[in-house]
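Asker: Structure provided below as structure tokens; questions to follow.
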Amino acid sequence: MEKNRGTWSSRFGFLMAAVGSAVGLGNLWKFPYLAGENGGGAFVLVYIVLVVLLGFTLMLAEMTIGRRAQSDAYGSYHKIRKGWGFIGALGILAGFLILSYYSVVGGWVIKYIVASFTGTGADKAVYFESFIGAPVEPVIYHLIFMGLTAIIVIRGISGGIEKASKIVMPALFGLLLVVVFRSVTLDGASVGLEYYLRPDFSQITLKVVIAALGQVFFSLSLGMGIMVTYGSYLSSHEDMEKDAFIIPSLDSLVAILAGFAILPAVFAFGFKPTQGPGLMFVTLPAVFDHMPLGSLFSGLFFLLVFFAAISSSISLMEVTVSFGIDQFKWSRKKAVLIFTTLMFLIGIGASLSLGAWKGFQIPWIDGKAYGIFDFLDVTTSYYLLPLGGILCAVFIGFVWGIPAVVQEIKKGSAFRTEKFWTVLIKYVVPVLVFLILLSTTGLLEI
Ligand code: PFF
Ligand code: NA
């Protein structure tokens, strides 16, 4: 059946591709600055709790849907129950919007590979701000990142995705450990360590919970059918329960390590932990300045971040593209070219919104207004992905139905956490995420 879809050449290949999708800018760039903005340890704690409650649960749910239906995100839901394809369609929309601005940040990373050797000046914050606010240069880097993503996706599933992830992930992990070591041994790092590790419970506010929830979805690539798409290439022998444990664990490990690499240094150098998206780009160059062979380490580090980012962007593009292939019967090449062009154009807007177009604000249902970059981030992380998560849980628990789902999971292996998982997916996930989503809109005040 559907031979031209391809399957994973090995279990390791699947795992690495899934980890490759999960581990990306979300871990290295976003997690540390969100932790910095949201009370440090308080954020880390809430994040971990949500990964345990929601991350594992939804990861397994999505993979199961894909493996059962063997189709793209939209087609899989539709195949299992007519009329439910819209869940997948929502996810495809989310992936499309995410990649539009993800690629802009991916471009920043490429710039910083170059800047590792040309220098970032004495004031790292000024360097970063003036770069991202410029009208042309960041757009060119965005084009390079998007173009590279497109080339890899055109080459097809096992050729492009698997090969890259197998080497990059272990290398990134190793270099991250080196940077963590340098960061935590800086003079004055202990204040940052304390901020990062000791949760101040009075800091656990609704804002922190909302930020952590969005980040769980974003970081684990959940709520938008990525894992449905990836699961659709799985054989029925696969132990998906184990995979759904390994992938979130590795992803969280990398995120937490990234925080260790960045937050102690933020305090050691007297930067602001609350400065937002610039945190990694401002802090790490300062850390590398304090290392022997700093430019070399810096170049290598940003190169690995780039690879991590591109293995995520590949997966983002894969959801959209496999939708085009499966539903419109487009060729892979045509699908990639059409979607790439659209996302590139939206990304130009996102990039400009940090400079020339700063004044252009889009009103949103929470009563606030956002520039294009933030708008794409907020609508996806805090609305579309959680909504996708709720719908996936409802679909599993009440539409497809637990008995049939469990039967599919058990095809590949024993299902050790069956009872626990059933309660989580049927009740805890939908109710919890719904409550948080409502409070995000401002409709519910807790
Ligand atoms: N999980 C990726 C990261 O943490 O960088 C980003 C991402 C990839 C989000 C794929 C969503 C997705 F479907
Ligand atoms: Na991630």
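Nothing in this text is a laboratory measurement; each read-out follows from the coordinates by a stated rule. Computed from a prediction, not measured in an experiment: that's the story for all the values here. In this analysis, Cβ positions are derived from the backbone assuming ideal geometry, glycine residues included, and neighbour counts consider all displayed protein chains.
Asker: If the elastic network links every pair of Cα atoms under 10 Å, which of Thr120, Thr380, Thr185 fluctuates the most in the Gaussian network model of the chain?
Answerer: Ranking Thr120, Thr380, Thr185 by mean-square fluctuation puts Thr185 first.
Asker: Which order do Phe217, Phe96 fall in if you start with the one that has the fewest other Cβ atoms within 10 Å?
Answerer: Numbers: Phe217 27, Phe96 21.
Fewest to most other Cβ atoms nearby, the residues stand as Phe96, Phe217.
Asker: Let me ask another. With everything on Cα atoms, drop me the angle between helix 279-289 and the longest principal axis of the chain, reported from 0 to 90° to the nearest 10.
Answerer: In the chain, helix 279-289 runs at an angle near 50 degrees to the longest axis.
Asker: Which residue, Phe245, Phe56, Phe31, has the most motion in a Gaussian network model of the chain that connects Cα atoms within less than 10 Å?
Answerer: Judging by the Gaussian network model, the answer is Phe245.
Asker: About the Cα centre, and with charges only on the beta carbon of Lys, Arg (+1) and Asp, Glu (-1), how big is the dipole of the chain? Nearest 20 debye, please.
Answerer: That gives the chain a dipole magnitude of about 1220 debye.
Asker: Given points 7 Å out from each Cα along the Cα-Cβ axis, report the Ile246 to Lys82 separation in nanometres with one decimal.
Answerer: A separation of 3.9 nm, rounded to one decimal place.
Asker: Tell me the relative contact order for the chain as a rounded percent, counting alpha carbon contacts under 8 Å between residues six or more apart.
Answerer: Values: 753 pairs, mean separation 145.2, N = 446.
That works out to 33 percent.
Asker: Based on C-alpha coordinates, I'd like the Rg and Dmax of the stretch 276-344, in Å.
Answerer: Radius of gyration, then largest Cα-Cα span, for the stretch 276-344: 17.9, 54 Å.
Asker: Could you work out how much longer the chain between Phe117 and Ser190 gets when fully extended? Use 0.36 nm per residue separation minus the Cα distance between them, nm to one decimal.
Answerer: 23.3 nm
Asker: Moving on to the next point. Once you've got the Cα coordinates, tell me which of Lys30/Lys411; Lys166/Lys419; Lys30/Lys358; Lys334/Lys358 are over 28 Å apart. Numbers along the way, then the final one.
Answerer: Details: Lys30/Lys411 37 Å; Lys166/Lys419 34 Å; Lys30/Lys358 21 Å; Lys334/Lys358 34 Å.
Where the Cα-Cα span goes over 28 Å, the pairs concerned are Lys30/Lys411; Lys166/Lys419; Lys334/Lys358.
Asker: Only Cα pairs within less than 10 Å get springs; with that Gaussian network setup on the chain, which residue of Ala261, Ala94, Ala404 has the largest fluctuation?
Answerer: Answer for the Gaussian network model of the chain: Ala404.
Asker: Continuing with this model, one more query. With everything on Cα atoms, drop me the angle between helix 11-22 and the longest principal axis of the chain, reported from 0 to 90° to the nearest 10.
Answerer: Taking Cα atoms only, the helix is inclined about 50 degrees.
Asker: I've got another one for you. Quick one: dipole size for the stretch 2-75, taken about the Cα centre, charges +1 on Lys/Arg Cβ and -1 on Asp/Glu Cβ, in debye to the nearest 20. Present the calculation step by step, with values, prior to reporting the outcome.
Answerer: On the way: 6 positive and 4 negative charges, 61 e Å.
I would put it at about 300 debye.
Asker: Run the numbers on the stretch 21-141 and let me know its relative contact order in percent, using alpha-carbon pairs under 8 Å that are six or more apart.
Answerer: On the way: 62 pairs, mean separation 18.2, N = 121.
Relative contact order, the stretch 21-141: 15 percent.
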